[in-house]
Amino acid sequence: MSKPLNIGLVGYGFMGRTHSNAYRKVNNFFELEYHPVLKAVCARDQAKCQAFADTWGYESTETDWRKLVERKDIDAIDICTPNNLHKDIALAAAANGKMILCEKPLSMNTAEGEEMAAAVEKAGVANTVWYNYRRVPAVTLAKQIIDSGRLGKIFHYRANFLQDWTISADLPQGGAALWRLDAAVAGSGVTGDLLAHCIDTALWLNGGISTVNAMTETFIKERKHTLTGKVEKVSIDDACAFMCRFDNGSLGLFESTRYARGHKALYTLEINGENGSLKWDLHDLHRLQFFDYKDEGILRGWRSIHVSDSDHPYMKHWWVPGLQIGYEHTFVHQVADFLQSLSDKKPCSPTFRESIETQKVVDAVLGSAKSNLWSSV
Ligand code: SOE
């Protein structure tokens, strides 16, 4: 009989759904010592919270997260709120001895992240941040290939995250649906929301970043605020591009925007080494492109690896070889890894401490864009 791990989820938006789905599915596919129990969901609007609980099978509801984190029947708090609440909930949850799974980005800035990491370490509670794209099997396979040394010395790393959903000037900012456009709630725009994913993956695949030089732009300067009803200044970055130097000597180029007409969630990454290169694209997420210079000359070319075989990362847990999986499964993998880490008594990466590194790069990028100068991380 596996052991229960009682989950208290705070927030029921898009991420609340992806996480709940993962908790429900994980034990159907992974053999684990623990199984998540959907104990309680918490949100301010009782009726909506109850409707979410009914849809996803949560046993109870709360409307105040302070009460949730004090409940004796909760083992782990899952933070799916807008970014400005992450810190307070995490500090209170840690003080109550709860494990914490926090949605990305960890915090509004590095200073908050430091406080959060110190709190979970002081409490000695398990913690992780939901940077789910690490757990796309093709991306995990890229990590294995890079770590094997097969690419040789790395020269370049580049990543893009392109969307187009904020182009209309009529779109308001703020409120439950559009808090990502309000810097007071989100911390920043595309840098903290989208580039944070690219930075997390880059640090994991290619190591630390030492210096950055960035530019940002806010294309629409004023938008009506959903909560005040007034037209207010927009202070998020709508687009951001930066170049950087990695500790291993390679050069990085990153770009993100919500103004790339035609692109919905195009996360792409590429790494070029002396002996080979890898490319990955979220819109074709089960494939990894690999060029191996060691191949025989006349046969050299880009291979498109369909990452669906049972010896590919995570894939033996799913269907039969050749049948692929998708976006939602990355969250299932994160829960599986978190539960396994409890059995192994090991941290589940990225931990709060590890995610501060992403936060530092985000802060350096925003600082560089403001000063028009190179920034040290
Ligand atoms: C924004 O549109 C968003 O939902 C991000 O917040 C997610 O982290 C990203 O995975 C998809 O896009």
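Could you pull out the chymotrypsin sites (Phe, Trp or Tyr not before Pro) across the stretch 225-284 that fall in loop regions by DSSP (anything but H, G, I, E, B) with no more than 12 other Cβ atoms inside 10 Å?
Within the stretch 225-284, no chymotrypsin sites (Phe, Trp or Tyr not before Pro) qualify (loop, at most 12 other Cβ atoms within 10 Å).
Provide the per-residue ³J(HN,Hα) series for the stretch 125-137, in order, calculated from phi with Karplus coefficients 6.51, -1.76, 1.60 and θ = phi - 60°, each as a whole number of Hz, with x at glycine and proline positions.
Per-residue couplings from phi come out as 9, 5, 8, 7, 10, 7, 8, 5, 5, 4, 9, 6, x Hz.
Measure off 7 Å from each Cα along the Cα-to-Cβ vector at ASN248 and TYR327, then give the distance between these two points in nanometres to one decimal.
2.9 nm
Near the amide H of CYS102, under 5 Å away, which other amide H atoms are found, from residues 5 or more places off or on another chain, if H is placed in the peptide plane?
ILE79, THR128, VAL129, TRP130
Report the charge-dipole magnitude of the stretch 3-132 in Debye, nearest 20, computed about the Cα centre from +1 at each Lys and Arg Cβ and -1 at each Asp and Glu Cβ.
Charge dipole, the stretch 3-132, about its Cα centre: 220 debye, nearest 20.
Pick out, from TRP280, GLN144, LEU181, the residue whose Cα sits farthest towards the positive end of the charge dipole of the chain, with +1 on the Cβ of Lys and Arg and -1 on the Cβ of Asp and Glu.
LEU181
Can you compute 3J(HN,Hα) from phi for each residue in the stretch 61-70, using the Karplus curve 6.51 cos²θ - 1.76 cosθ + 1.60 with θ = phi - 60°, rounded to whole Hz and x for Gly and Pro?
For the stretch 61-70, the Karplus-derived couplings read 10, 9, 10, 10, 5, 5, 5, 4, 5, 8 Hz, x marking Gly and Pro.
Within a 10 angstrom radius of the beta carbon, how do PHE291, PHE352 rank from fewest other beta carbons to most?
Fewest-to-most Cβ neighbours within 10 Å comes out as PHE291, PHE352.
May I ask you to derive the FRET efficiency for GLU33 and PHE219 from their Cβ-Cβ distance with R0 = 56 Å, giving the value to the nearest 0.05?
0.65
Expressed as a whole number of Å, what is the distance separating the alpha-carbon centroids of the stretch 236-265 and the stretch 65-87?
32 Å
Can you list the HN-Hα couplings for the stretch 198-203, worked out from phi with the Karplus curve (6.51, -1.76, 1.60; θ = phi - 60°), rounded to whole Hz and with x for Gly and Pro?
Going residue by residue, I get 4, 5, 4, 5, 5, 5 Hz, with x marking Gly and Pro.
If packing is taken as the average number of other Cβ atoms within 10 Å across a peptide's residues, how do 96-106, 117-127, 144-154, 166-176 rank, most packed first?
Per-residue mean Cβ counts within 10 Å order the peptides as 96-106, 117-127, 166-176, 144-154.
In debye, nearest 20, what is the charge dipole magnitude of the chain about its Cα centre with +1 on Lys and Arg Cβ and -1 on Asp and Glu Cβ, if you could check?
With Lys and Arg at +1 and Asp and Glu at -1, about 180 debye.
Laboratory data are not the source of any read-out in this text; all were calculated from the coordinates shown. All values reported here derive from a predicted model rather than from experimental measurement. All Cβ positions, even for glycine, are placed from backbone atoms using ideal geometry, and neighbour counts span all protein chains on display.
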